[in-house]
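The values are calculated or read from the model by the stated rules, or taken from the named source; none is laboratory data. Remember, predicted model here, so these are calculated numbers, not experimental data. Cβ sites come from the backbone with ideal geometry, for glycine too, and all protein chains shown count toward neighbours.
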């Protein structure tokens, strides 16, 4: 599947795997392994950006995946996000979709939204939001209509 299909079909919160089709090199080849890991991984879809045209530059549409956080003593020090252009040469696969009843915590970013957190239920989302302190965030529940539309339109996880 291409990045175009992820952009068109995957909902925010979906778990996406990206890969280049190359075998993983042995651990003793540290530089080759590091390069391979940059082109092969899994992340949660947190943003879909449409193409932008400005007077001085243009950018293609892209997707952003949240790969994880590095923390110490409960404090997040580094958040790893990877942005892939829709013309990426990588292959993509939807590994998992949000389930009915899960709740997305979304924040507006310009004309778009970004997924801040995916909670198991509304209570967990409200608790996370109270602890995180985002003022402009909103909650959006994953509905049965959304999940059934994915299945009817052939967008079930591959």
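Condition check: free of Cβ contacts under 8 Å to residues at least 40 places away in the same chain, surrounded by fewer than 15 Cβ atoms within 10 Å (Cβ to Cβ) and under 14 Å from residue 13 (Cβ atoms). Does residue 120 satisfy that? So residue 120 fits the description; yes. Before we move on, is residue 140 over 13 Å from the mean Cα position of the chain (by Cα), outside any loop (DSSP other than H, G, I, E, B) and under 24 Å from residue 7 (Cβ atoms)? So residue 140 passes the test.
Against the test of being modelled with pLDDT of 90 or more, at negative phi and either surrounded by 15 or more Cβ atoms within 10 Å (Cβ to Cβ) or part of a loop (DSSP other than H, G, I, E, B) (or both), the options 106, 127 yield a single qualifying residue, 106.
Is it the case, given these coordinates, that residue 142 is over 25 Å from residue 62 (Cα atoms), at pLDDT below 95 and touching a strand residue (DSSP E or B) at 6+ places or on another chain (Cβ under 9 Å)? No.
Residues of region 46-69 that are at pLDDT 90 or above and in a strand (DSSP E or B): 46, 47, 48, 49, 62, 63, 64, 65, 66, 67. Within region 95-110, the set of residues being closer than 15 Å to residue 47 by Cα and in contact (Cβ under 8 Å) with a residue 40 or more places away in the chain comprises 97, 98, 104, 106, 109.
Assess whether residue 6 counts as being outside any strand (DSSP E or B) and under 23 Å from residue 139 (Cα atoms). For residue 6, the condition - outside any strand (DSSP E or B) and under 23 Å from residue 139 (Cα atoms) - is met.
Residues in region 85-100 that are surrounded by fewer than 14 Cβ atoms within 10 Å (Cβ to Cβ) and part of a loop (DSSP other than H, G, I, E, B): 87, 89, 99, 100. A count restricted to region 20-39 and to residues that are under 12 Å from residue 84 (Cα atoms) and either at pLDDT 95 or above or surrounded by 14 or more Cβ atoms within 10 Å (Cβ to Cβ) (or both) stands at 1. All of 52, 17 fail the test of being in contact (Cβ under 8 Å) with a residue 24 or more places away in the chain and either surrounded by 11 or more Cβ atoms within 10 Å (Cβ to Cβ) or closer than 19 Å to residue 89 by Cβ (or both), apart from 17.
Of the numbered conditions (1) modelled with pLDDT of 90 or more; (2) touching a helix residue (DSSP H, G or I) at 6+ places or on another chain (Cβ under 6 Å); (3) under 17 Å from residue 6 (Cα atoms), residue 155 satisfies every one except a single condition; which is it? So the condition that residue 155 fails would be (1).
With respect to being surrounded by 14 or more Cβ atoms within 10 Å (Cβ to Cβ) and out of contact with any helix residue (DSSP H, G or I) (no Cβ under 9 Å at 6 or more places or on another chain), residue 79 falls outside the description. With respect to the numbered conditions (1) more than 17 Å from residue 45 (Cα to Cα); (2) surrounded by 12 or more Cβ atoms within 10 Å (Cβ to Cβ), which one is the sole condition not fulfilled by residue 136? (2) is the only condition that residue 136 fails.
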